[in-house]
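Only one structure is covered here, and it is reproduced in the block below.
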There are 4 protein chains.
Amino acid sequence: MLKELKEKVFLGNLELVKQNLVTLTWGNASGLDEKSGLVVIKPSGVSYSDMQADDMVVVDLEGNLIDGKYKPSSDTATHLHLYKKFPNVKGIVHTHSKWATIFSQAGISVQPYGTTHADHFFGEIPCTRVLTDEEIADNYELNTGKVIVETFENLNLDPLSIPAVLVNNHGPFTWGENIIKAVHNSVALEAVAEMAYMVLSINPSVHPIKQTILDKHYYRKHGANAYYGQR
Amino acid sequence: MLKELKEKVFLGNLELVKQNLVTLTWGNASGLDEKSGLVVIKPSGVSYSDMQADDMVVVDLEGNLIDGKYKPSSDTATHLHLYKKFPNVKGIVHTHSKWATIFSQAGISVQPYGTTHADHFFGEIPCTRVLTDEEIADNYELNTGKVIVETFENLNLDPLSIPAVLVNNHGPFTWGENIIKAVHNSVALEAVAEMAYMVLSINPSVHPIKQTILDKHYYRKHGANAYYGQR
Amino acid sequence: MLKELKEKVFLGNLELVKQNLVTLTWGNASGLDEKSGLVVIKPSGVSYSDMQADDMVVVDLEGNLIDGKYKPSSDTATHLHLYKKFPNVKGIVHTHSKWATIFSQAGISVQPYGTTHADHFFGEIPCTRVLTDEEIADNYELNTGKVIVETFENLNLDPLSIPAVLVNNHGPFTWGENIIKAVHNSVALEAVAEMAYMVLSINPSVHPIKQTILDKHYYRKHGANAYYGQR
Amino acid sequence: MLKELKEKVFLGNLELVKQNLVTLTWGNASGLDEKSGLVVIKPSGVSYSDMQADDMVVVDLEGNLIDGKYKPSSDTATHLHLYKKFPNVKGIVHTHSKWATIFSQAGISVQPYGTTHADHFFGEIPCTRVLTDEEIADNYELNTGKVIVETFENLNLDPLSIPAVLVNNHGPFTWGENIIKAVHNSVALEAVAEMAYMVLSINPSVHPIKQTILDKHYYRKHGANAYYGQR
């Protein structure tokens with residue numbers, strides 16, 4: 001069932017390890033099959049070195065187990081909520097990658113300080129508010145998804161032009177039009193977060209880049225007039 | 001003798017190298033055989049690249065050499081004291097891993113600033129007091145064990161829910177229900193120590209996460225109601 | 001066409017990956033064929049792992065596509081302007097390497113704090129001014145080249161004795177008498193930028209090294225009286 | 001000629017690369033043959049990946065070329081002066097390893113903040129004064145050796161119990177009773193320098209460890225009563 005997507009989700013999860021974004025089992029990636037509305041996701045707590053493509057778990061958007069011998073990732077409810085609320089998102093990644101997690105723990109958004117950021121994210125990568133005790137006690141993972149959506153709504157951000165968020169006290173989620181793009185966004189987030197940290201440390205009064213540079217670099221790579229890469 | 005445990009202890013020691021927790025020969029891991037009350041530990045000063053499973057040393061809880069052609073780790077007395085005083089601990093790891101050692105040298109506990117910490121450690125990872133000159137002069141390694149136990153008693157901490165300590169001026173010890181868990185706790189400690197360092201550096205007034213998040217993440221992974229991983 | 005130079009440019013690009021200077025596809029290297037006045041450069045947005053020597057693109061100094069099945073790097077106009085204005089430069093490298101990019105984002109030149117710097121760069125590595133909105137809107141990549149040349153002219157710097165620049169908000173360009181030297185200068189820039197960052201962080205009042213040491217080390221390796229290496 | 005020592009010096013140089021202490025060709029290691037009073041050293045500017053054991057160069061203590069098809073390291077005069085002045089030193093290593101070089105550039109000694117330091121160095125690792133313009137202009141490399149010896153004499157330090165120095169503005173030299181120990185001291189220096197940097201950054205008022213701990217750890221590993229390792 002969904003053999004091709006399982007393979008992609010499996011490879012996307014392994015790529016997180018290769019890119020040094022995952023320690024132990026601290027990460028999970030999923031993909032949405034648009035036709036069936038089903039989601040393929042990493043099994044919970046299974047070691048990356050033992051895992052096979054066939055171990056990926058299939059759930060529906062309500063979280064019902066459809067196929068697979070394992071329990072899905074404990075963060076599945078967060079993934080599902082994002083698929084429901086963010087149109088055109090078909091791949092999601094969660095990690096505890098070092099620099100993105102440091103910003104999450106410090107409760108600070110990642111501002112765009114250079115063109116590397118602008119090439120991938122069309123503005124600041126926001127950090128959510130802290131969940132309330134009630135949101136933590138019940139349906140914690142669903143509420144994590146909700147606070148992400150709330151953050152994007154409050155700031156009036158487009159999830160596809162800023163395909164990443166920092167969950168306060170926790171760590172990053174990234175997404176994209178497919179799982180490969182979601183993984184690349186995790187890689188890009190980690191790189192820009194590290195550089196932002198170092199820029200802020202050596203120059204605490206640094207300003208984000210101006211909108212014209214942000215526009216230039218973002219639209220070099222995205223949209224109808226993009227001219228980066230091959231068509 | 002204790003062939004299976006020797007193999008596990010051997011692999012646990014090598015895993016420390018793979019996880020970049022050990023420079024030169026600065027680390028040692030041991031395992032307790034509950035039935036016989038014997039401990040298998042790395043030989044002292046032997047290079048990880050030359051070492052074989054059969055080179056592991058067997059001692060009893062009083063430190064008597066039971067089996068092996070080498071002298072046991074110079075830190076053996078610390079391991080033995082912890083096995084005696086911390087019930088259900090059956091694997092212990094000592095390293096000079098970079099970030100945990102930096103906190104040990106700075107004499108600062110690692111506070112929980114995020115869910116990565118809460119997933120593995122149910123509260124701050126304490127730093128011991130400095131040993132007195134008398135404690136250093138005689139039975140230094142035993143006294144290192146004693147100051148660890150004293151730290152947990154003074155703070156009323158449960159060693160199995162906080163399976164790590166920072167020995168002041170020195171470096172970390174971690175432990176667990178078996179040597180694999182003790183090694184994983186070393187990996188987790190190093191990751192959370194590095195992130196805590198960076199969070200503190202960029203935001204010196206940062207607060208630890210609130211108890212409700214600490215509870216949520218710790219109990220997602222531990223105890224009767226854990227729902228992370230496969231059962 | 002230009003088979004030998006394509007191979008060198010291909011290997012130069014791969015060396016950037018091996019030296020950890022490139023994340024995803026964030027980098028490009030080129031070489032100038034002096035005889036024909038043609039430039040060989042990396043294709044835009046092509047993954048380093050899939051790329052072959054034969055995928056390199058040949059353009060003339062006006063940017064016309066001469067040979068190749070791909071579009072050239074989106075930064076081609078910057079490379080071409082530097083080849084036109086900087087005599088004897090026959091290899092150029094652009095990356096978003098971490099530490100050089102951090103200085104670019106902070107808008108700070110890299111001062112010479114030690115002999116490692118002096119061995120490769122005969123003085124500070126300058127950071128350009130920020131481009132104006134007009135320069136960004138039209139011919140952005142050409143204007144990037146122009147602001148680099150302007151920086152060297154304003155500071156009266158010799159591009160061959162300081163074969164590197166930090167483009168403000170963006171990242172580094174390096175160059176040399178051939179592509180191998182340009183790549184080595186990227187490696188050296190990254191190393192001296194990281195060390196400069198750390199020196200500045202721990203000692204904000206540190207002074208650059210004095211001119212006599214700068215001279216000594218630079219001329220040990222460069223010019224008629226060099227005595228480093230084999231002749 | 002001196003085939004065995006050439007092999008050891010060759011392997012010592014390669015070990016510097018494996019231990020990530022060398023970028024490009026920024027390092028050199030040598031060994032002294034006590035019987036003949038000859039020194040085997042890396043050739044100048046030769047790439048580590050192309051180098052063979054037979055490429056090592058033999059010089060006498062006055063710097064005369066005795067054997068080899070290459071010129072010796074440009075730092076040879078520094079090595080030779082240390083062999084003459086530091087009894088029992090039979091291996092010397094020079095690198096621009098990152099953290100030791102950062103301290104050299106900041107002009108700060110590395111204080112002992114923990115037992116990792118004490119295990120290898122019996123006190124602070126000193127930083128030399130800056131050379132005078134005259135010392136730089138003539139016999140620079142010899143004067144580098146002289147300022148190292150001066151530093152140890154002024155501070156009344158024993159080179160074998162503190163087998164490392166930071167040359168101001170430049171980088172570290174380490175040594176030992178043989179080239180393997182000299183290389184290990186480079187590894188240890190780099191590790192303790194990085195940790196010292198981070199300890200100082202997060203706690204600028206931190207004190208060095210007390211003498212009793214320094215003694216304990218140093219004499220666990222060195223001298224007649226050492227009990228670390230196998231005998």
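The values are calculated or read from the model by the stated rules, or taken from the named source; none is laboratory data. Here the structure is a predicted model, which means the values were calculated and not measured. We place every Cβ from the backbone using ideal geometry, glycine too, and count neighbours over all the protein chains shown. What goes into the accessible areas is simple: the full protein's heavy atoms, side chains included, and nothing from ligands, DNA or RNA. Shrake-Rupley method; radii C 1.70, N 1.55, O 1.52, S 1.80 Å.
Worth a mention:
- Index of the failed condition, B:Ser49 passing every other in (1) within 14 Å of chain D (Cβ to nearest Cβ); (2) polar (S, T, N, Q); (3) under 22 Å from B:Leu142 (Cα atoms): (3)
- Restricting the stretch B:21-41 to residues that are closer than 28 Å to D:Val183 by Cβ and touching a residue at least 60 places away in the same chain (Cβ under 8 Å), the residue that is surrounded by the most Cβ atoms within 10 Å (Cβ to Cβ): B:Ala29
- Search result, residues across the stretch C:1-20 that are among the polar types (S, T, N, Q) and open to solvent by 50 Å² or more (accessible area, probe 1.4 Å): C:Gln19, C:Asn20
- Checklist (1) at pLDDT 95 or above; (2) within 20 Å of A:Val187 (Cβ to Cβ); (3) in contact with a Gly (Cβ under 8 Å, 6 or more places away or on another chain) applied to C:Leu32, failing item: (2)
- Residues of the stretch C:22-36 satisfying the condition of being more than 14 Å from chain A (Cβ to nearest Cβ) and out of contact with any helix residue (DSSP H, G or I) (no Cβ under 9 Å at 6 or more places or on another chain): C:Glu34, C:Lys35, C:Ser36
Per-residue answers, yes or no, for (1) in contact with a helix residue (DSSP H, G or I) (Cβ under 6 Å, 6 or more places away or on another chain); (2) touching a residue at least 24 places away in the same chain (Cβ under 8 Å); (3) within 10 Å of A:Leu166 (Cα to Cα):
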position	(1), (2), (3)
A:Asn88	no, yes, no
A:Ser104	no, yes, yes
A:Tyr113	yes, yes, no
A:Ala118	yes, yes, no
A:Pro126	yes, yes, yes
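- Residue match in the stretch B:186-198 (condition: acidic (Asp, Glu) and under 17 Å from D:Ile202 (Cα atoms)): yes
- Residues that are hydrophobic (A, V, I, L, M, F, W, C) and at pLDDT 95 or above, drawn from the stretch A:35-49: A:Leu38, A:Val39, A:Val40, A:Ile41
- Selection status of A:Val192, closer than 15 Å to A:Lys98 by Cα, within 9 Å of another protein chain (Cβ to nearest Cβ), among the β-branched types (Val, Ile, Thr) and under 21 Å from the mean Cα position of the chain (by Cα): no
- Residue check for C:Lys181: within 12 Å of another protein chain (Cβ to nearest Cβ) and under 14 Å from the mean Cα position of the chain (by Cα): yes
- Meets criteria (under 15 Å from C:His117 (Cβ atoms), within 22 Å of the chain's Cα centre (by Cα) and surrounded by 20 or more Cβ atoms within 10 Å (Cβ to Cβ)) for C:His222: no
- Residue identified as of a type outside the set (D, E, K, R), over 19 Å from the mean Cα position of the chain (by Cα) and crowded, with 17+ Cβ neighbours inside 10 Å among D:Leu131, D:Leu200, D:Leu157: D:Leu200
- Scanning the stretch D:100-126 for residues that are away from chain B (no Cβ under 14 Å) and either outside any helix (DSSP H, G or I) or open to solvent by 10 Å² or more (accessible area, probe 1.4 Å) (or both) yields D:Gln105, D:Ala106, D:Gly107, D:Ile108, D:Ser109, D:Phe122, D:Gly123, D:Glu124, D:Ile125, D:Pro126.
- Count of the stretch C:69-99 residues, restricted to those that are away from chain D (no Cβ under 14 Å) and open to solvent by less than 30 Å² (accessible area, probe 1.4 Å), is 18.
- Here B:Ile162 passes the criteria (1) open to solvent by less than 10 Å² (accessible area, probe 1.4 Å); (2) under 29 Å from B:Leu14 (Cβ atoms); (3) not in a loop (DSSP other than H, G, I, E, B) except the one numbered (3).
- Residue tally, condition of a type in the set (Lys, Arg), modelled with pLDDT of 95 or more and part of a helix (DSSP H, G or I), over the stretch B:167-222: 1
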